[in-house]
Every structure is written in C-alpha cells, then in structure tokens.
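Below is one structure; the comments refer to it alone.
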Amino acid sequence: MEDLKAPYRAFMEAHVYPNEAALAREDDEAARLVVELRGRAKAEGLWAPHLPPEAGGTGRGFLAYAHLNEEIGRCVWGQLVFNCQAPDAGNGEILHLFGTEEQKERWLGPLVAGDTRSFFSMTEPEVSGADPTGLRTTAVRDSDEWVIDGHKWFSSGAEGAAFGIVMAVTSPDAERHRRMSQILVPADSPGIEVTSVPVMGHRGRGWSTHCEVTYTGVRVPVGNLLGEEGDGFRIAQKRLGPGRIHHVMRWLGQMQRAFELMCSYALEREAFGGPLAEKQTVQNWIADSAADIQACRLLTLDAAHKIDQGDEARVEISLVKFFAARVLNEVIDRAIQVHGGLGLTDRTPLAAMWAMARGGRIYDGPDEVHRMVVSRRILKEFAAGRKWTFS
Ligand SMILES: Cc1cc2nc3c(=O)[nH]c(=O)nc-3n(C[C@H](O)[C@H](O)[C@H](O)COP(=O)(O)OP(=O)(O)OC[C@H]3O[C@@H](n4cnc5c(N)ncnc54)[C@H](O)[C@@H]3O)c2cc1C
C-alpha cells in the first residue's frame, strides 16, 4: 500500500498543503488554482481513485482506496483535487453500476474526466431525511417525459453543477421501498431553481455549497430514469453504503492530522513551568485519541475488506460511521483545546476542520439511525436464538 500512497502524499505535500489557505478563500484565484491542481493531478495519473479503470478511474478496490483516502482526506480540498469528491464520487459509482450505455456516455464520461460536477438531490426540508420513505417530490409520467415537482435541500455542490440525480416518488401506491426512482436531471432544465443555504456560517462556492433546489414542472425524457422504475431505494443503498465508508476514510486523514498538530503543539507550548505535553490531562487526550483513531482505522479497513469480498457489510458500515463521526469531532476538539485561542483562528486548519466535522454526525444518516441499524441486526440474531459475532 505504501507504493500506492506515496505519490498522493508527495502531491499533497508539494501542491495541496502549500495552497490550503488560498483554496479556503474560495475566490476567483482559488477557482483558478483548483483547475490548475486538478490538471496536474490528472496528468500524474492521480485521478478518480474511487472508480475502476473500466469506468475511467484509477481505482484498485475499496481497501486500496481506504489507504489512499487517509492521505487525500488530510485536507478538505484533497478530494476535489483528485476528482473523488462527494457527491460526484457516489454519483459516478451508481452511474457505473446502473447507467445505460447512453447515460454513461452523456453523464459519467464528463464527470470522470473532471469536466462536470453533479449533485444528489434526496433530502427535503419538510420531512425527515433519516426516514426517506416519506419523501414528497414526485415524478409523473407524461408520454415520453417525466415531470418533476418538489422541494429539496442539502443538495451539496448543486451550484455550478451540470446535472443532478433526483430521488422522486414515481409509484405512490407501490410497497414503501418501491415507491421511488432516481432520475437524471440536467441542471439547466427550465423549472429548476438553486439557492445556496449557508451552513455553520459558510455560504460556500460551487462545489462547497449546500443548496436548496426547487423543481417546478421540470421535464426530462423517460430515458433519464436510472435503473428500473421503483429502484430508488435499492440504488440509494448501493450509493450510501460505500459513500459512508468514503467519508470515514477521509475523516481518518482529518483525525490523524489534528492528532499530529495536537502532539507537536503540546511539545512546543509551555505553561505553568513546563510544556503542555507534561500535563496529565493533555497526555490523556493524546492517549485516548491514539486509541480511538486506531480503532476507527481498523474498523474502516475491516469494512473495506469485506466490501471488496462482495459483502454488503451493513453492520460494519453503520458501526464505523457513527463511531468515527464521534471520534472525528472529539479529536479535533481536543486539538483545538490544546492550541488555546490559536486553535480558533485560521492560522491552523483546525477551526475549518471542526466546522466541517460536525455535519459528519448527521449526513448520510444521523448517529442515532446507524446505532439503530447495528442494534436491530444484532438483536435479530439473538431473537432467533443465535449469537452475534463479527466474522
Ligand atoms: C453537510 C451536509 C451535507 C449533505 N449533503 C446532502 C446531499 O448532497 N444530498 C442529500 O440529499 N442530502 C444531503 N444531506 C442531508 C442529510 O443526509 C440529512 O440531513 C440526514 O439524512 C438527516 O435528515 P434530516 O436533516 O431531515 O433530519 P431528520 O430526519 O429530521 O432527523 C433529525 C434528528 O432526529 C434524530 N433521529 C432521527 N431518526 C431517529 C431514530 N430512528 N432514533 C433516534 N433519533 C432519531 C436524529 O438525532 C436526527 O439528527 C446533507 C447534510 C449535511 C449536514
């Protein structure tokens, strides 16, 4: 794995960290830098590592990607530079798995080439996103078109995207999990309105936005249906499972970086007659963080290995999603505390990391829902008279 990771690490050190502050400004200069860095990464073959070569990527399976992402995830801009950013990564994966040849050519090709971006439009403000069986956006068939009406939000990256994948009710009377479908919608279709909603005080720009999107009589050809009618949940499950692991892999990079900053600063900063590293509270934070990060790493590698073996790894994915989201928040918080006031400034990446980390306990399923999934599956085994153990 070292061979795979080394060029990504070298690229991050040479081109991403030195430009981190400039990228975070999200102005015209940052937009120009993103284009330049993406061009360089692509030219060096460090590109779309989440997708296999037959889909246009450079991926070598989930386990390898887990190792790479620990490097890429250390800076929030890394995923964009290497064209494996959410939600495009997940959208690319489902287009590869479920798209027709025509859909792949029109949507997947430009996405993997880095010429376009996309968004995933599922969550709605009026109903629970954690329980998406109640989503209200509809797509009604009118001869050879779908007519979409609805109100979404948290459609991340919708500003400036070329297309979205919209989850909509197509068969209202079907069984709960067969009521919805996923439909490809060009972002410039008449009837779409996109507005960025500031999150944690951050409006974002382009890729980093979280948008409210309204669909009013939006018409797309019937051929824009992804998979079969009623496949919405099946495809969402295929997308969200691996997507959750992608997040956790990147969070490992964030945790590790916060941890390194905490340790270095604890050694260098002095208070009350000696370095912070000699205070037992700080030592406890360092030891607890080391244990928590390693536990997350091993849980992630275990889930990635099982996915590579063809296992859905539902328990493993939910387990590491809620566990790692907590650890991510705690480690960054401890690192900020060790840095004192400096930790709240933009002179370290910690404050920006902290603001991003909080959403991890909510997106792709809140902590409470993943705990529910894990405990339900375990209890089901016990109720059937079996014990539950990890294989
Ligand atoms: C940064 C960010 C990016 C996002 N990007 C996207 C995107 O690109 N596309 C998209 O479609 N969505 C996106 N989302 C939306 C996200 O997936 C939803 O916010 C999430 O699924 C929760 O839905 P909700 O916000 O409606 O909360 P609700 O479903 O209303 O839940 C509110 C709270 O209720 C509690 N709760 C819910 N169910 C249970 C339960 N069974 N047991 C105990 N407690 C429970 C939890 O504490 C939960 O946080 C994003 C969200 C964030 C924060």
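Where a number appears in this text, it was derived from the coordinates with a stated rule and is not lab data. Keep in mind that what you see is a predicted model, and the values were worked out from it rather than measured. Here the Cβ positions follow ideal geometry from the backbone for every residue, glycine too, while neighbour counts run over all protein chains shown.
Over all alpha-carbon pairs in segment 2-99, figure out the percentage whose distance exceeds 20 Å.
33
Please list, by residue number, every one of the GluC sites (Glu not before Pro) in segment 232-274 that is coil in DSSP and has at most 12 other beta-carbon atoms within 10 Å.
Here no loop site has a sparse enough neighbourhood.
Size of the dipole of the chain about the Cα centre, Lys and Arg at +1 and Asp and Glu at -1 on the beta carbon, nothing else charged, in debye to 20?
So the dipole magnitude of the chain works out to roughly 920 debye.
Show which aspartates and glutamates lie in cross-link reach of K104 when reach means a straight Cα distance below 12 angstrom and same-chain residues fewer than eight apart are skipped.
E54, E93
Roughly what % of Cα-Cα distances in segment 223-312 sit above 17 Å, to the whole percent?
63
Throw me the Rg/Rh for segment 118-226, computed over C-alpha atoms with Kirkwood Rh, two decimals.
0.97
Just add up the charged neighbours of V374: K/R +1, D/E -1, any other residue whose Cβ is under 10 Å from the Cβ of V374.
Working: positive: R314, K321, R371, R376, R377; negative: E316.
After counting each charged neighbour, the total is +4.
Would you work out the charge dipole size for segment 234-383 about its Cα centre, treating the Cβ of every Lys and Arg as +1 and the Cβ of every Asp and Glu as -1, and quote it to the nearest 20 debye?
Dipole size: approximately 660 debye.
How high is the FRET efficiency from D131 to A291, r the C-beta distance, R0 35 Å, rounded to 0.05?
With a Förster radius of 35 Å, E is 0.55.
How much of the calculated P(r) for the chain lies past 38 Å, in percent of all Cα pairs? Provide the component values of the computation, followed by the final result.
On the way: 15069 of 76245 pairs.
Of all Cα-Cα pairs in the chain, 20 percent lie more than 38 Å apart.
Using the Cβ atoms and a cut-off under 13 Å, what net charge is assigned to the surroundings of D308, where Lys and Arg are +1 and Asp and Glu are -1?
Around D308, the surrounding residues sum to -2.
For the residues L97, L46, L63, what sequence is obtained by ranking on other C-beta atoms within 10 Å, fewest first?
Listing L97, L46, L63 from fewest to most nearby Cβ atoms yields L97, L63, L46.
Taking a cut-off of 22 Å between Cα atoms, list the lysines near K387, but don't count ones fewer than 8 places away on the same chain.
Excluding near neighbours in sequence, the set is K306.
Set the Förster distance to 25 Å, then compute FRET efficiency between H305 and E54 from the Cβ-Cβ distance, nearest 0.05. Numbers along the way, then the final one.
Numbers: r = 22 Å, r/R0 = 0.87.
Here the calculated transfer efficiency is 0.70.
Quick one: grab the alpha carbon gyration tensor of segment 165-262, order the square roots of its eigenvalues as a ≥ b ≥ c, and give me rounded if a/c is under 1.5, else prolate or oblate depending on whether a/b is larger than b/c. Walk me through the numbers before you get to the answer.
On the way: a/c = 2.98, a/b = 1.54, b/c = 1.93.
Since a/c reaches 1.5 but b/c is at least a/b, the shape of segment 165-262 is classed as oblate.
Suppose each label sits 7 Å from its Cα in the direction of the beta carbon; what would the I362-D333 distance come out to in nanometres?
1.6
Which one of F98, W207, N329 is farthest out on the positive end of the charge dipole of the chain, using unit charges on Cβ (Lys, Arg +1; Asp, Glu -1) and the Cα centre as origin?
The Cα lying farthest towards the positive end belongs to N329.
Sum -39500 (n - 2.57) across every DSSP H segment of at least 4 residues in the chain, then divide by the residue count to get the 222 nm mean residue ellipticity, nearest 500.
-15000 deg cm²/dmol
Normalising by the residue count of segment 234-383, find the relative contact order in percent from Cα pairs under 8 Å and 6+ residues apart.
28 percent.
Do you know the relative contact order of the chain, to the nearest whole percent, from alpha carbon pairs under 8 angstrom that are 6+ apart?
Dividing the mean separation by the residue count of the chain yields 13 percent.
Going 7 Å from the Cα of R219 along its beta-carbon direction, which residues of segment 149-174 have the amide nitrogen within less than 19 Å of the resulting point?
The answer is 149-150.
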